[in-house]
1. For the chain, what is the mean residue ellipticity at 222 nm derived from helices alone (per DSSP H run of n ≥ 4: -39500 (n - 2.57); sum divided by total residues; nearest 500 deg cm²/dmol)?
2. Please say if the stretch 140-263 is rounded, prolate or oblate, where rounded means a/c under 1.5 for a ≥ b ≥ c the square roots of the C-alpha gyration tensor eigenvalues, and otherwise the choice is prolate for a/b larger than b/c and oblate otherwise?
3. Based on the alpha-carbon gyration tensor of the stretch 213-262 and its eigenvalue square roots a ≥ b ≥ c, which shape applies: rounded if a/c is under 1.5, prolate if not and a/b is larger than b/c, or oblate?
4. So for each of 141-148, 94-101 I average, over its residues, the number of other beta carbons within 10 Å; can you give me the resulting order with the highest mean first?
5. Sticking with the crude label model, points 7 Å out along Cα→Cβ, report the distance from GLN107 to LEU239 in nm, one decimal please.
6. Can you tell me, using C-alpha contacts under 8 Å and at least 6 residues apart, the relative contact order of the chain as a whole percent?
7. How far apart, in nm, are two points set 7 Å out from the Cα along the Cα-to-Cβ line at SER190 and at ARG68?
8. Can you give the alpha-carbon Rg of the stretch 149-201 over 2.2 N^0.38 Å, where N counts its residues?
Amino acid sequence: MEGKIIDGKEISRQVKEEVKSGVERLKAEGMTPGLAVILVGDDPASAAYVGSKERTTKALGMHSEVIRMDRETSESALLDEITRLNGDPAIHGILVQLPLPEQIDEQRVIAAIHPDKDVDGFHPENAGRLMAGMDGFVPCTPLGIMVMLERSGVDLNGKHAVVVGRSNIVGKPMAMLLLQANATVTICHSRTEDLPAITRQADVLVAAVGREGMIGPEHVKDGAVVIDVGINRGEDGKLHGDVDFERVLPAASSITPVPGGVGPMTIAMLMSNTLKSAGKALRESR
Ligand code: NDP
């Protein structure tokens, strides 16, 4: 049973070690990668995410800048801050923690980040690059899932991958990456008819919905690889995935837990994207 569980903590630890070595190499050439994170408001979950990004950035030897802005901040003040960071040579990655207060247009903010510093991979240019199969920044969560699959020895070639969820942050980029890896891809969403009939065809099933335990054994084919992106705070106060882990475990050939699965990979890939950006900046400066 043990071997079935894909250990996101361990794989993310390996990725972070690799990033740390990469940072040391860049520093030896006189370049310190820098990540700026902007937090608007005081949402406790967002503040916790930002704190953990700051700690990880520093632990890997990178320069970290956290900009905390008032809940009432205007869109133009936030855009001015992004413009400043776009022009700051010490910063290679800019991340605006979402969600933003309602007076601020999220899409306009994302579009204001220079695509070369868009380490979250949400800018329309990077989304287009992913679609076109060109190099660019790929959103951290789906990128982390691809690393998990690869390092767990999952062969995607010709396999049927079903992604439940079609957000710009997870579902859509996930589907594009699986397609690039030669899987046959189906995307499901809230209007999909007879979801279990489709998910039961999946060799690889990715659940990115945000509904606790919605994927049960009736959704899963025997031997499927099950990836659970969902992070839901349960009535018990604990974190739960979109997959009913205990009941799906017997059918799955491998499965990611929540917590300790996809979550830790996301931050590791943010670090990896920041290193990639700094490496590119160094090469271009020569
Ligand atoms: P969104 O709310 O943006 O998207 C959810 C998707 O699920 C939508 O496409 C929606 O369909 C679909 N959906 C909703 N209800 C159903 C249903 N009954 N059947 C089938 N599909 C349904 O969420 P995100 O993509 O941002 O996040 C998804 C989950 O992943 C959340 O729990 C989030 O917390 C978590 N997450 C975890 C991360 C990590 O690091 N582990 C990172 C990012 C997110 P429609 O488009 O039709 O509305």
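1. On the way: 10 runs with 119 residues, N = 286.
Helices in the chain give a 222 nm mean residue ellipticity of -13000 deg cm²/dmol.
2. Details: a/c = 1.32, a/b = 1.26, b/c = 1.05.
Note, shape of the stretch 140-263 comes out rounded.
3. Working: a/c = 2.49, a/b = 1.73, b/c = 1.44.
Since a/c reaches 1.5 and a/b is larger than b/c, the shape of the stretch 213-262 is classed as prolate.
4. Values: 141-148: 24.5, 94-101: 20.2.
Order by mean packing, descending: 141-148, 94-101.
5. 3.0 nm
6. Details: 548 pairs, mean separation 60.0, N = 286.
So the answer I get is 21 percent.
7. Label-label distance for SER190 and ARG68, simple model: 3.4 nm.
8. Working: Rg = 11.3 Å, N = 53, 2.2 N^0.38 = 9.9 Å.
Its radius of gyration relative to the 2.2 N^0.38 Å reference: 1.14.
All of the numbers you see were taken from the coordinates with simple rules; none came from a lab. Only a predicted model underlies this, so the values are computations on that prediction, with no experimental measurement involved. With ideal geometry, Cβ positions are generated from the backbone for all residues, glycine too; neighbour counts draw on all protein chains shown.
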